[in-house]
Amino acid sequence: MDGVPLISDRAEAPSTAVDAGPGKSGAYRPRYELVAEEILQLIGELLLGPGDRMPTEKELAARLGTSRTVVRDAVKILSATGRVSAQKGRGLYVADNESMLGARQWGGFFVPTNLDHIFMLFEFRRVQEMQASKLAARRASPSELRLIEAAVQTCYHGYTSGDNAEFDQGDDDFHLGVAAASHNFFLVSAVREARMLQRRASVIGLRGLGGHADAAVGEHEAIYRAIRDGESEAAAQATSVHLDNTLEDYRREIQRRVFG
């Protein structure tokens, strides 16, 4: 999702040390550590996988509202921890190794027509996304709220126009936008990886959320409003309702296609 301001709405501080940020203690941390976290969030939001090319240092500096020197130091950290590969003369790439939470390993046994696998995946998504919604209600910046609201509108337009591709894009933008607003890059990665697995269900024609699309639009709106209003428990509950209803739609469609 291009142009996504992550935590960059906060004022730029000296590159040597800055406040820990929303939801953190009062301790100060080097700016390059925070930028390293923002780069990981950006990787998740752009749906970049192992081996994918990243924005340049100059582009990252402009996107994150910081200097190229700070970005360069952040990249050194990410390279040392095996998350980013800096290839001389070629640019920056997502490291071609196991992703943070091992979704490629999960993908080796995930069968999109197996109801038990679908149930387990949605159980996992509920844990991730309810917590992400709660944190987003406490931490979302104005720009992150605008991103989530825009995703709600994209889903709505895709539904009313019958454009499944637009609906699916809005759905991805919404769930990843909420995760990004949690300011927890582990949650961003987990949500991204779980959605990549869920996307495999498209092989049996599960696109656009089937008959649940109409309700999903309203459910997205309810989650957004709770996050916007800072109501963390309401955001988590609205997320639970949305995922439970989505799972039911998958269950009905799988049973119809497999069992007739």
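The values are calculated or read from the model by the stated rules, or taken from the named source; none is laboratory data. Just so it is clear, the structure is predicted and the values come from calculations on it, not from any experiment. Note that each Cβ is placed from the backbone with ideal geometry, even for glycine, and that neighbours are counted across all protein chains shown. Keep in mind that these areas ignore ligands, DNA and RNA; they rest on the heavy atoms of the full protein, side chains included. Shrake-Rupley method; radii C 1.70, N 1.55, O 1.52, S 1.80 Å.
General remarks:
- The set of residues in the range 38-60 being farther than 20 Å from residue 184 by Cα and part of a helix (DSSP H, G or I) consists of 57, 58, 59.
- Filter result for the condition that a residue is touching a strand residue (DSSP E or B) at 6+ places or on another chain (Cβ under 7 Å) and either at pLDDT below 85 or exposed (fewer than 14 other Cβ atoms within 10 Å of the Cβ) (or both), over 92, 48, 115, 101: 48
- Subset of the range 129-159 (residues that are open to solvent by 70 Å² or more (accessible area, probe 1.4 Å), under 14 Å from residue 220 (Cβ atoms) and free of Cβ contacts under 8 Å to residues at least 24 places away in the same chain): 153, 157
- Residue tally, condition assigned to a helix (DSSP H, G or I) and within 20 Å of residue 227 (Cα to Cα), over the range 149-188: 24
- Close Cβ contacts (under 8 Å, 6 or more residues apart or on different chains) running from residues in the range 239-254 that are more than 20 Å from residue 182 (Cβ to Cβ) to residues that are among the basic types (Lys, Arg) comprise 244/126.
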